[in-house]
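Asker: The structure that follows is given in the form of structure tokens.
The values are calculated or read from the model by the stated rules, or taken from the named source; none is laboratory data. As the structure is a prediction and not an experimental result, all values here were calculated from the model. Here the Cβ positions follow ideal geometry from the backbone for every residue, glycine too, while neighbour counts run over all protein chains shown. Note: areas computed on protein heavy atoms with side chains; ligands, DNA, RNA excluded. Shrake-Rupley method; radii C 1.70, N 1.55, O 1.52, S 1.80 Å.
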Amino acid sequence: MDVTTGSLALVVITLLAATVNGALGYGFSSITVPVALLFYTNRVLNPALVWVEVVLNTYVLWVNRASIPHVWRRVVPMILGLAPGVALGTALVHRVQPAGLKLGTFIVLLPLILLQAAGFRRPIKDERRLGLVFGGGLGVLYSVTTISGPPLAVMLSNQGFTKQDFRAGLGLVRLAESSFTAVAYYFAGMFSIESAGLLPYILPSLVVGIPLGVRVIRHLRPETFRRVCMSFDAWVVGYGISTLLRQLHLIETNAAFSVLAAVGLIDIWLLFRFFHNQTRETVTAGAQPEAVAQ
């Protein structure tokens, strides 16, 4: 194998991403893509990641199969909406200029990442109707970026899914979207030797990272772990947008990096708020036994 800076970065970032996926049940693409897009185009990266996602999502669904009867009816509208969205997104990947598609990908991802980092929650009453529309948008997003974890996690959390039901619902929707996208990519002729050449750098990371993530999450609070991962993503996406603004000559000077600076300030504020609230909750929980004893 011809080892390059890009391939080394791919090994490192997929190992981190696989660890996150093992811990949380999602996050492989949302961690991998922002970094990998700095070295590869969507047309090369996406087809390799789609096959990996099919396997990962099958595993997640199998592990949480006991909860499938509880959730499948609720996620069917999302799954039905996926197909037309995937078809539209595949057409975009196939036809849009690579650098412009990268910039568009980062711009779409950034608010989704920041919303999840902020712990956004707003339950929706008309779940079925919105699920169909949401599924269409998710299909476009996934087939263009191979990322759907952040918005899907926000959606399922909003609707009050329990931990196991959350993972089962996530597995069902993501297995459907990755399978639909694999079929769409095949008919669009997007699978190539160049894309397949990325798999030897990705697969060993999965073998090591997923079991590692399962172990790590036993010693960390899942919400804290997830929040740190989102912080990493936000900085990478901010850097990607700033770099591409210069590459595309949309902003010629270092003023392009004002995007990165703004993202950094927002994320630092969100991190401070998150850990401040965590500390306050810990102190309150620790004080409760004393109050009862009195």
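Asker: Compute the accessible area per residue over the chain, keeping the other protein chains in place, probe 1.4 Å, unit Å².
Answerer: Working: 14150 Å² over 294 residues.
Each residue of the chain exposes 48 Å² on average to a 1.4 Å probe.
Asker: Sticking with this one: From zero up to wherever the largest Cα-Cα distance of the range 57-155 sits, split into 5 Å bins and tell me the percent of pairs in each.
Answerer: P(r) for the range 57-155, in whole percents per bin: 3, 12, 18, 22, 21, 15, 6, 3, 0.
Asker: Here's another thing I want to ask about it. How large is log10 of I(q)/I(0) for the range 1-83 at q = 0.15, 0.23, 0.25 Å⁻¹ when the intensity is taken from the Debye formula with one equal scatterer per alpha-carbon?
Answerer: Result of the Debye calculation: -0.66, -1.16, -1.26.
Asker: Take each uninterrupted DSSP H stretch in the chain, measure its Cα extent along the helix axis, and return the ones at 15 Å or beyond whose mean Kyte-Doolittle hydropathy is at least 0.0.
Answerer: Details: long enough: 5-24 (28 Å, 1.80); 42-63 (31 Å, 1.02); 68-95 (40 Å, 0.89); 98-117 (28 Å, 1.70); 127-145 (25 Å, 0.70); 163-187 (36 Å, 0.25); 199-216 (24 Å, 1.60); 222-247 (37 Å, 0.19); 258-293 (53 Å, 0.58).
Helices meeting the span and hydropathy rule in the chain are 5-24, 42-63, 68-95, 98-117, 127-145, 163-187, 199-216, 222-247, 258-293.
Asker: Another question, then. Would you look at the GNM of the chain, springs on alpha carbons closer than 10 Å, and say which of Pro69, Pro98, Pro77 moves the most?
Answerer: Of Pro69, Pro98, Pro77, the Gaussian network model singles out Pro69 as fluctuating most.
Asker: Sorted by packing (mean other beta-carbon atoms within 10 Å per residue), highest first, where do 88-95, 265-272 land? All intermediate terms of the calculation are to be shown ahead of the outcome.
Answerer: On the way: 88-95: 17.8, 265-272: 14.4.
In descending order of packing, they fall as 88-95, 265-272.
Asker: Let me ask another. How many nm is it between the label spots at Val208 and Leu115, if each spot is 7 Å from the Cα in line with the beta carbon?
Answerer: 3.5 nm
Asker: Same structure again: Starting from 0.36 nm per residue, how many nanometres of slack lie between Leu8 and Trp235 once their C-alpha separation is accounted for?
Answerer: Contour length minus the Cα-Cα distance gives 79.7 nm.
Asker: Compute the signed sum of charges (Lys and Arg +1, Asp and Glu -1) over the other residues within less than 12 Å, Cβ to Cβ, of Gly171. Kindly include the intermediate steps, with their values, before the conclusion.
Answerer: Values: positive: Arg65, Arg167, Arg174; negative: Glu53, Asp165, Glu177.
Once all neighbours under 12 Å are counted, the net charge is 0.
Asker: OK, next. Which FRET efficiency, nearest 0.05, do Ala262 and Leu130 yield, Cβ-Cβ r, R0 30 Å? Write down the numbers at each step before the final one.
Answerer: Numbers: r = 31 Å, r/R0 = 1.02.
Once rounded, the FRET efficiency stands at 0.45.
Asker: Right, something else. (1) 19; (2) 28; (3) 43: which one is percent of Cα pairs over 31 Å apart as calculated from this entry?
Answerer: (2)
Asker: For the peptides 43-52, 21-30, what is the packing order when you average, over each peptide's residues, the other Cβ atoms within 10 Å and list the highest mean first? Spell out each step's value before the answer.
Answerer: Numbers: 43-52: 23.1, 21-30: 26.4.
Highest to lowest by the protection proxy: 21-30, 43-52.
Asker: Now a separate question. Computing the accessible area with a 1.4 Å probe over protein heavy atoms, can you report the carbon and sulfur percentage for the range 45-149? Mind showing how you got there, number by number?
Answerer: Details: 3480 of 4880 Å².
C and S fraction of accessible area: 71 percent.
Asker: Given a 1.4 angstrom probe, I'd like the percentage of the accessible area of the range 168-228 that is carbon and sulfur, rounded to a whole number.
Answerer: Working: 2210 of 3030 Å².
Carbon with sulfur: 73 percent of the solvent-accessible area.
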